[in-house]
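Scroll down for the structure; my scribbles are underneath it.
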Amino acid sequence: MSFVKDGLVFAQLDVSDSTDAISTLADQLFKQGFVTESYKQAVLDREEIFPTGLPSGEGGVAIPHTDVKYVNKPVIAFATLKKPVFFKNMADKSKDVEVRFVAMLAMKEPHSQVQLLQKLMEMFQEQELMSKLVEYKDSKELYDALASYFN
């Protein structure tokens, strides 16, 4: 099963901060029926306590997510950002990470969330791939690249 869906991949998303990035992606997930109405607030609340910013060679990445009870159907919403925004560092929330790539997880099963996080971490470590992903200007090109990676 592919967790990458056309219509949930956004190239060069123009957002003002991490809350805007999370809200924009969560709104799309809700509009398309993948998550409950309370998913967005649950992700924002979780991000305060357990931040998801991760330093990476090509500008940082963030993997905001929340409890499986807020998810109707499993999927990932992806976005590259037009300009970086700050997320708190998952290893030290007193530090900021400048993020250019967001992967918002909406998983139904806790074990699938762990497997998916491992796959994402592998991808984040592939510097050449990440360099290409953050440079795509077109959402369809970004979708194609992500779909081929995850399938």
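The values are calculated or read from the model by the stated rules, or taken from the named source; none is laboratory data. These numbers were taken from a predicted model, which means no experiment stands behind them. Backbone-built Cβ (ideal geometry, glycine too); neighbour counts: all protein chains shown.
The single condition among (1) over 18 Å from G60 (Cβ atoms); (2) exposed (fewer than 14 other Cβ atoms within 10 Å of the Cβ) that N72 does not satisfy is (2). Here is the figure for region 101-137: residues that are of a type in the set (G, A, S) and surrounded by 20 or more Cβ atoms within 10 Å (Cβ to Cβ) total 2. Taken over region 1-20, residues that are within 19 Å of L146 (Cα to Cα) and in contact (Cβ under 8 Å) with a residue 40 or more places away in the chain amount to 12. Please specify each residue of region 59-92 satisfying the condition of being out of contact with any Asp or Glu (no Cβ under 9 Å at 6 or more places or on another chain) and among the charged types (D, E, K, R). Those that are out of contact with any Asp or Glu (no Cβ under 9 Å at 6 or more places or on another chain) and among the charged types (D, E, K, R): D67, K69, K73, D92.
Take the conditions touching a helix residue (DSSP H, G or I) at 6+ places or on another chain (Cβ under 9 Å) and modelled with pLDDT under 95 and apply them to S2. Does it pass? Taking the combined requirement at face value, the residue satisfies it. For region 72-86, a residue qualifies if it is more than 24 Å from D144 (Cβ to Cβ) and touching a Phe, Trp or Tyr at 6+ places or on another chain (Cβ under 7 Å), and exactly one does: N72.
Among the residues of this structure, K73 counts as one that is farther than 19 Å from L133 by Cβ, in contact (Cβ under 8 Å) with a residue 40 or more places away in the chain and over 13 Å from the mean Cα position of the chain (by Cα).
Counting the residues of region 21-44 that are of a type outside the set (A, V, I, L, M), in contact (Cβ under 8 Å) with a residue 12 or more places away in the chain and closer than 19 Å to F87 by Cβ gives 6. Considering each residue of region 87-96 in turn, none proves to be touching a strand residue (DSSP E or B) at 6+ places or on another chain (Cβ under 9 Å), in a strand (DSSP E or B) and within 24 Å of D144 (Cα to Cα).
For region 10-22, the criterion of being out of contact with any Gly (no Cβ under 8 Å at 6 or more places or on another chain), surrounded by fewer than 18 Cβ atoms within 10 Å (Cβ to Cβ), under 22 Å from E128 (Cβ atoms) and not basic (K, R) is satisfied by at least one residue. Between K95, K88, the distinction of being exposed (fewer than 14 other Cβ atoms within 10 Å of the Cβ), modelled with pLDDT of 95 or more and closer than 23 Å to S16 by Cα belongs to K95 only.
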